[in-house]
Structures are given as structure tokens and as C-alpha cells.
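Structure first, then comments.
The values are calculated or read from the model by the stated rules, or taken from the named source; none is laboratory data. In this text the structure is predicted, and so the values were computed from the model without any measurement. Quick reminder, even Gly has a Cβ in these numbers, built from the backbone with ideal geometry, and neighbours come from all protein chains shown.
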Amino acid sequence: MNDQAQGLRDLVQTREAGVRETRVITVTSGKGGVGKSNFTLNFAIGLQKRGYKVLVFDADIGLANIDVLMGVTPKYNLYHLLKREKTISEIIYNGYHGLQFIAGGSGFNDLIRLSDDEVQYFSKEVEQLNGQVDYILFDTGAGLTKETMAFILAAQETIVVTTPEPTSITDAYAIIKMVTNMNHRIDFKLVVNRSGDEREGKQTAEKITLVSQKFLNLPISTLGYVTDDALVSKSVKRQIPFTIAYPNCSASRSIDALVSRYLQEELRSRKAVAEGQGVKGFLSRMFRLVK
């Protein structure tokens, strides 16, 4: 409760000072099936509950499902923005706790084929979000696709979601290694999903963080773990985020702890948006990478 109150005080002070920083976060995973989108959604709701304005951008090409997890069927998605049929405000939908989201559909496939005029239109529309929300979370596709790599390299920070399964750990490290070997220093944060208990969560995280430090000379922050909770799959079937459907279940308590940890780390270094940061900087870097 103290963490939450402090976070709200810091947010109010920041806004009173005229500083409105929109922070862009990419959420990714080395392989599919680790619960990345479910984590993204519930983590975003956790931030929203703390008084922050959050928008989730479903960037999972071909497997966009943020809307499905909330039982919403958007009439318009990113495709309609790219085709100039709708403005950015017309494709934003509201979910639980006022959480805003943009459905991806097949739209992100078209990003690499946009003309210069279309890039300018898209960028101008998305830049309107800068200062209107505190956080934009891009839920990317799993694996090492060109589009996913562009989002990772363009964002201010990347949350990597893994599970205790050996293949998931290996694939998560592979993403971190590839980005680092491209001479990009990204602020990676690690989340262990579907952990049997705290001990397994810590052991899984250490396998990645220790190897990253030893072989890549890259320190990685561990946000924490989300327990393997049967009520999570139950909430998916109900199409209600588990932090809403079962706010007191072990997975929901894990998310609350993760949000607290994230805000403690992020608020300590909260500053005005530096040149090249924010939404405009993100878009500029992303289009250089996907072209």
C-alpha cells in the first residue's frame, strides 16, 4: 500500500511539474506459449490500478489476442489506421479498469511495406499518444522475427517473459544474446511465468541473469515471477483478466508484486523525456529498423 501511495504521489508531482513522459515498453518472449500476452494484459491493468494511464498495442503478428483475452471484438484495428480509413483515436478501445488497447490484426505485416507518405501519416497519428498516456506496452510476437527485433531495439526497455521450461529459458537467452551481439544495449527486465513457487522462479531467473552477466557482460534486472495458478486458465476461458476475475489468487498477487517492483525501479530514474526518447523517438528508430 505504501508503494502504491508513493507511486501516486510521484505521478502527481511529475504532472504538476509539467512533465508528461510516455514510456514505451516492449514485452516479448523467446518462444510462444509462455503466457506473454496474458502477462502483458494483467501487468497493464496493474499499472492502471495504480493511477497510471496505460495503452496496450497488440503487435503480435498473426496471433493478436489481447482483445480475445478481454472478450472484446473491436470493429477497427491497426489495419484501418494504416489504410487511412480511421484515425488513431478511432481504433483505441477501452477494456477493464479503463485500460486502453489497440487491436493488431494483420496490420503489423504492412509496416514494412508502407510508402514514405504512409509512414508520415502513421507516425503523426501515433505521436498524438505522447503525453496522453503514461505507458505504452507493445505485446510483440514470440521469437526472432524482423518485426519483433525492431520493437525491441526501438523501445526504451524490454520485458522478457519466460517459464521454467528449459526450452523457454534457452530461447529467452537467445533473444537477449542476439540483441546484445548487434551492439545494442537494451534495458532488459526478466519475468518468470508459471513458476511453481518462489524458489523455482528465482532459480529460473538466475540461470539467465548469471549467464548474461558472464558471457555478455550484461546485467539484467529480474522483476519477479508469476505463480502457476489454475485460476489463470479459468479466467482465459471466461475472457476476463485474472487480476479482475480473481484479484486475490496467487497469480494476481504475483502481478501486484511485479508492478510494485517495476515502479520502484522506474520511478527512481524517472526524468523528463530526453531527446530521442518518447513516442516520436520510438517510431523513428522502429521505421529505420523495419525498412
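Annotations
- Options THR140, THR162: the member that is touching a Phe, Trp or Tyr at 6+ places or on another chain (Cβ under 9 Å) and modelled with pLDDT of 95 or more: THR162
- The set of residues in segment 173-189 being assigned to a strand (DSSP E or B) and of a type in the set (D, E, K, R) consists of LYS189 alone.
- Candidates VAL56, VAL68 - the one that is assigned to a strand (DSSP E or B), out of contact with any His (no Cβ under 7 Å at 6 or more places or on another chain) and either touching a residue at least 60 places away in the same chain (Cβ under 8 Å) or buried (at least 18 other Cβ atoms within 10 Å of the Cβ) (or both): VAL56
- Of the helices (runs of 4 or more DSSP H) entirely within segment 190-245, those holding at least 2 residues that are surrounded by fewer than 18 Cβ atoms within 10 Å (Cβ to Cβ) occupy 198-216, 230-238.
- Restricting ASP3, ASP10 to residues that are over 26 Å from LYS280 (Cα atoms) and at pLDDT below 90 narrows the list to ASP3.
- Qualifying residue in segment 148-158 (condition: of a type in the set (S, T, N, Q), assigned to a loop (DSSP other than H, G, I, E, B) and surrounded by 15 or more Cβ atoms within 10 Å (Cβ to Cβ)): yes
- When segment 126-146 is filtered for residues that are of a type in the set (Asp, Glu) and surrounded by 19 or more Cβ atoms within 10 Å (Cβ to Cβ), the ones remaining, listed by number, are ASP134, ASP139.
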